[in-house]
Amino acid sequence: CGVPLIEIVSEPDFRETEEVIAYLAKLKSTFEYLGISDCKMEQGSMRADVNLSVRPKGSTEFGTRTEMKNINSFKSIERAIAFESKRQIALIENGERVIQETRRWDENKGKTFAMRSKENAQDYRYFPEPDIPPVSISEEEIQHYIEICPEFADAKAKRYISDFKLSEEDAGIIAGSKYFAQLFEKTVELCNDPSEVRYWIITQILYFMNERNVQPEDIKLSPEKFAQFVNIVKAGRINKQVGKTVFENMFFGSDDFDIEKFIKDNELEQVDDSELISETVKNIIETNPKAVEQYKSGQTKITGFFIGQVMKQLKGKANPATVGKAVNEALANLKED
């Protein structure tokens, strides 16, 4: 109650699903940066009605459209478009007629279902709202609002490329969400390592988003805790493989998750003892004579096998660079023998 609804109607000029998603993602990003809405689609803060029609290749006349109401995620929009376009094509190819109607997308069944026939505009009996006069915005007002707007995603991405040496793709992903951008910038301020912060956002947080349906606006990880984690990795106290385990537990953990305690309790400190690593390499080589013969015969790719076995023996906690060096030196000595 009391929350205004903003309805934006596009022209019917999208030809691919990717264009639709790109358009909606840009709108979502803009709304977030302006503070208009949190755009939590699963909570109804932003939804999409998708109007869709098909037509034969080369035709300039639009087909009969259907409208799919209140779809609340980009993935659902993609699936709904895929299903509905196939449904309409099948009807036409079978000599049947596409009915102009409003349809409902069922996420669980992966199908659209008819809700009601779609009326023409005059059937809605639209009339002006007497208590709200037409709004006229002058060019001066428009220019004023442009000047006081925050830095949007495109400008922010360019700055990330210039200042932090991020790739165009990574900069676009991080800047595309206000929540990503805030987490990235505040964490970089604390640990002064944009490359490392970028790595964990792109490889881990994006993975959680795709695999566990985590939305950027739902991220609870604080920049302070993120920076503490990055500094621990940079100091070589844990390697990146172990770091993924720590990061996952930190990301999904409670607000009082203690990184230091988790590392200590699970004995995750990186092993960088050259003598222990060399001894482990020696044992692995001695217990894998067939692999040794393969290496001696010129199959140098088998080196990766030895490195993997050493890392496994040391429970993934060893310094990969130290292990790689020790394995290569040990195998080189075998050739000399």
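None of the figures in this text is laboratory data; all of them are computed from the coordinates on show. Everything quoted here is computed from the prediction, not taken from an experiment. We place every Cβ from the backbone using ideal geometry, glycine too, and count neighbours over all the protein chains shown.
Helix-derived [θ] at 222 nm for the chain: sum -39500 (n - 2.57) over DSSP H runs of at least 4, divide by residue count, nearest 500? Numbers along the way, then the final one.
Values: 15 runs with 177 residues, N = 337.
For the chain, the value works out to -16000 deg cm²/dmol.
Which whole-number percent gives the relative contact order of the chain, counting Cα pairs below 8 Å spaced six or more residues apart? Mind showing how you got there, number by number?
Values: 317 pairs, mean separation 32.2, N = 337.
With pairs under 8 Å counted, the relative contact order is 10 percent.
R47 to L334: FRET efficiency via 1/(1 + (r/R0)^6), r the Cβ-Cβ distance, R0 51 Å, to the nearest 0.05?
Values: r = 64 Å, r/R0 = 1.26.
So, using R0 = 51 Å, E works out to roughly 0.20.
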Applied in sequence order to the range 8-19, the curve 6.51 cos²θ - 1.76 cosθ + 1.60 (Karplus, θ = phi - 60°) yields integer Hz couplings, x standing for Gly and Pro, of 10, 10, 8, 6, x, 10, 9, 10, 10, 4, 4, 5
Sequence-separation-based contact order of the range 1-65, relative, with Cα cut under 8 Å and 6+ spacing, percent = 14 percent
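Kirkwood-based Rg over Rh for the range 203-258 (C-alpha set), two decimals?
Numbers: Rg = 11.3 Å, Rh = 11.8 Å.
Rg divided by Rh gives 0.96.
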Calculated P(r) of the range 274-336 - Cα pairs past 15 Å, % = 41 percent
Of every Cα-Cα pair in the range 1-58, the percent that sits beyond 20 Å = 33 percent
Arranged from highest to lowest average of other beta-carbon atoms within 10 Å per residue, in what order do the peptides 70-76, 208-214 appear?
-> 70-76, 208-214
Under 5 Å from the placed amide H of M68, counting only residues 5+ away or on other chains, we find V50, N51, L52, R103
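Quick one: of K225/K312; K290/K325; K220/K312; K40/K240; K178/K225, which pairs are farther than 23 Å apart, Cα to Cα?
On the way: K225/K312 29 Å; K290/K325 21 Å; K220/K312 33 Å; K40/K240 32 Å; K178/K225 19 Å.
From the list (K225/K312; K290/K325; K220/K312; K40/K240; K178/K225), the Cα-Cα distance tops 23 Å for K225/K312; K220/K312; K40/K240.
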Determine ³J(HN,Hα), in whole Hz, for all residues of the range 318-334 in sequence, where each value follows from phi through the Karplus function 6.51 cos²θ - 1.76 cosθ + 1.60 and θ = phi - 60°; x replaces Gly and Pro.
-> 6, 6, x, 5, 5, 5, x, 5, 5, 5, 4, 5, 5, 5, 5, 5, 5
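When 1/r is averaged over all different Cα pairs and the result inverted, which Kirkwood radius in Å belongs to the chain? Don't jump to the answer; show the numbers that get you there.
Numbers: mean 1/r = 0.0398 Å⁻¹.
Result for the chain, one decimal place: 25.2 Å.
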In Å and from the alpha-carbon atoms only, list the Rg and Dmax of the range 153-265.
-> 13.6, 44
Pull out the extension gain between I137 and K165, defined as 0.36 nm times the separation in residues minus the alpha carbon to alpha carbon distance; nm, one decimal.
-> 6.1 nm
Rounded to whole angstrom, the alpha-carbon centroid of the range 230-298 lies from that of the range 19-70 at a distance of 46 Å
Taking S274, S177 and counting other C-beta atoms within 10 Å, the order from fewest to most = S274, S177
